[in-house]
């Protein structure tokens, strides 16, 4: 008999390391520890042309918004670099003279190359973990259906989280250009089927695997997100996306 113990992998698998459990609402991701997560893409004003007074005022407004959050909240700011070859087409060029049009054509051919050009995106991730007197299992966060008259503890937590997300988005909209990561619907097969894609799940997949493309959501609600994120792999990915 051959001893197989030395050939067994005892370390954590990719599914053990990924904290995401599944989508419980539009743009709301449930984590395995009971936390809830939402995200936005944002862009701020041009800081290079702003004065020190303007930058200080913007920082004051953002700090005032974040100070409204109590215990159990976490903010993550991600800066990612994505390869791009996108440049306005020639029919969208409105330069009036031949010189500026020639400069624009040269820039277009330069950006049309397959490598060496990246686009920066900034993401704001909000995570909320309810405070509890004792540790509970994930079963406490099983969500009731819409027809149920009795709301579970998870429904109450989700209600509080969605209200905080809505208020935070309203306050941030006065300072930043912000767009929520939500579930988008697309008509397929000539209108015979409606497919749903979630941007937050797509962003989570990009952060874990380095692959950025839409992920179609299954028809079964609250399906575990591990198979959607791991892309058939059991080991943690060796190549990480460029995150600053």
* **Stretch gain in nm, segment residue 193-residue 170, where the contour uses 0.36 nm per residue and the Cα spacing is subtracted** => 4.9 nm
* For each of 17, 217, 30, 53, count neighbouring Cβ atoms within 10 Å of the residue's Cβ, then give the residues from fewest to most. => 53, 17, 217, 30
* To do: Work out how much length residue 110 to residue 75 would gain on full extension: take 0.36 nm times their residue separation and subtract the Cα-Cα distance, in nm to one decimal.
  => 8.8 nm
* To do: Pop a pseudo-label 7 angstrom from the Cα along the beta-carbon direction at both residue 4 and residue 43 and give the gap in nm to one decimal.
  => 5.5 nm
* In what sequence do 95, 206, 42 fall when counting other Cβ within 10 Å, fewest first? -> 95, 42, 206
* So how much slack lies between residue 89 and residue 63, counting 0.36 nm per residue of separation and subtracting their Cα-Cα distance, in nm? -> 5.3 nm
* Between the stretch 45-124 and the stretch 163-220, the Cα center-to-center distance that results, in Å -> 20 Å
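Only the coordinates and a few stated rules stand behind these numbers; no lab work does. For clarity, every value in this text was computed on a predicted model and none was experimentally measured. All Cβ positions, even for glycine, are placed from backbone atoms using ideal geometry, and neighbour counts span all protein chains on display.
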